[in-house]
1. Since T55 meets every condition but one in (1) among the β-branched types (V, I, T); (2) surrounded by 15 or more Cβ atoms within 10 Å (Cβ to Cβ); (3) in a loop (DSSP other than H, G, I, E, B), which condition does it not meet?
2. Among the residues of region 79-109, write down those that are among the basic types (K, R) and out of contact with any Ser or Thr (no Cβ under 8 Å at 6 or more places or on another chain).
3. Please work out which residue is nearest to ligand 2 (Cβ to nearest atom), limiting yourself to region 1-22 and to residues that are farther than 22 Å from V115 by Cβ and in contact (Cβ under 8 Å) with a residue 24 or more places away in the chain.
4. Going through region 25-52 one residue at a time, which ones are closer than 28 Å to D116 by Cβ and part of a helix (DSSP H, G or I)?
5. Any chance region 111-124 includes a residue that's in a strand (DSSP E or B), of a type outside the set (A, V, I, L, M, F, W, C) and in contact (Cβ under 8 Å) with a residue 24 or more places away in the chain?
6. Scan region 20-52 for residues that are closer than 27 Å to S201 by Cβ, crowded, with 16+ Cβ neighbours inside 10 Å and within 13 Å of ligand 1 (Cβ to nearest atom) and jot them down.
7. State the number of residues belonging to region 137-149 that are within 16 Å of ligand 2 (Cβ to nearest atom) and either aromatic (F, W, Y) or more than 18 Å from V205 (Cβ to Cβ) (or both).
8. Residue pairs, Cβ under 7 Å, 6 or more apart or interchain, first in region 174-185 and more than 18 Å from I59 (Cβ to Cβ) and away from ligand 1 (no atom under 13 Å from the Cβ), second modelled with pLDDT of 95 or more and not in a helix (DSSP H, G or I). List them.
Amino acid sequence: MILLLLGPPGAGKGTQCERLMLEYKLVQLSTGDMLRAEVKSGSELGKKAKAIMGTGKLIPDEVVIEMISDAIDLQKDANGIILDGFPRTKSQASSLDDMLLSKGLYMNHVIQLDVDDNKILKRLSGRFACANCGAGYHDIYNKPINEEKCDKCGSTSFSRRSDDKLEVVQERLKEYQAQTLPILPFYRQKGVLQLIDGSKSVEEVYEQITNIIG
Ligand code: AP5
Ligand code: MG
């Protein structure tokens, strides 16, 4: 199964992936996570990506298209794939379509998480993650059971994303409106697009997703 989670920054794509991976044994392919790994490694690509991501703008299409194509090839034995954060331009969507066709795959579901801007700002200003395993948390909505320790791996080290600063989030939201929303008609026409209310609790959003994917 190939599932695409679409939604503005902070909509909860990563949060829902964590649970879908566990319960459906799906693999998450997040271009944002891949780019952050490049930044961390200090590679040439990472240096270029860091400068762009710090402004809230998108990385050039050809870079992320190659990245995702290679990542899909590595998942031949997976139960299914969740695409998180790709595609987010018309050109990426059309390349993905060609790519899947050439690999003998097809998109089963595109789920758009709808969340208003005020809620997004609240979610992103309180977001943090385990610095060891990447598990995502929130200061108010999604705290670790023991506040000092990650629920998943027990690490006591946490980090916050530098692009969650207010001015960068505002730019990311603009990019979503200008570049990503225009790809929705493409998937609507294919009959695979479903809109869900992403402003509900993590549990309720998960339920809406599982109702769709079965
Ligand atoms: P990326 O990493 O993809 O970021 P994003 O799309 O902006 O989305 P986020 O990861 O910020 O949000 P999310 O939806 O995963 O929310 P989360 O689950 O964490 O991209 C980063 C950058 O990389 C881009 O700006 C761009 O520069 C570059 N890039 C990446 N892909 C690219 C591409 N394809 N093309 C070009 N450039 C690309 O949740 C947020 C918070 O809310 C958490 O604290 C969570 O605990 C909490 N929360 C989640 N759900 C709920 C809920 N239902 N109720 C209450 N709280 C909740
Ligand atoms: Mg994410």
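1. (2)
2. K90, K103 - these are the residues of region 79-109 that are among the basic types (K, R) and out of contact with any Ser or Thr (no Cβ under 8 Å at 6 or more places or on another chain).
3. Quick first cut of region 1-22, residues farther than 22 Å from V115 by Cβ only: 1-2, 22.
Keeping just the survivors that are in contact (Cβ under 8 Å) with a residue 24 or more places away in the chain gives 1-2.
Working: M1: 20, I2: 18 Å.
Applying the filter and picking the extreme gives I2.
4. T31, G32, D33, L35, R36, I52
5. To start, the set of residues in region 111-124 that are in a strand (DSSP E or B) comprises 111-114.
Next, from what is left, pick out any that are of a type outside the set (A, V, I, L, M, F, W, C): 112, 114.
In the following step, the residues that additionally are in contact (Cβ under 8 Å) with a residue 24 or more places away in the chain were identified as 112, 114.
Taking every residue of region 111-124 in turn, at least one turns out to be in a strand (DSSP E or B), of a type outside the set (A, V, I, L, M, F, W, C) and in contact (Cβ under 8 Å) with a residue 24 or more places away in the chain.
6. Hits for region 20-52 are L20, Q28, L29, S30, T31, G32, R36.
7. 2
8. Hits for this filter: L184/Q112; L184/L193.
The values are calculated or read from the model by the stated rules, or taken from the named source; none is laboratory data. Remember, predicted model here, so these are calculated numbers, not experimental data. Because the Cβ atoms are built from the backbone with ideal geometry, glycine has one as well, and the counts that use them run over all protein chains shown.
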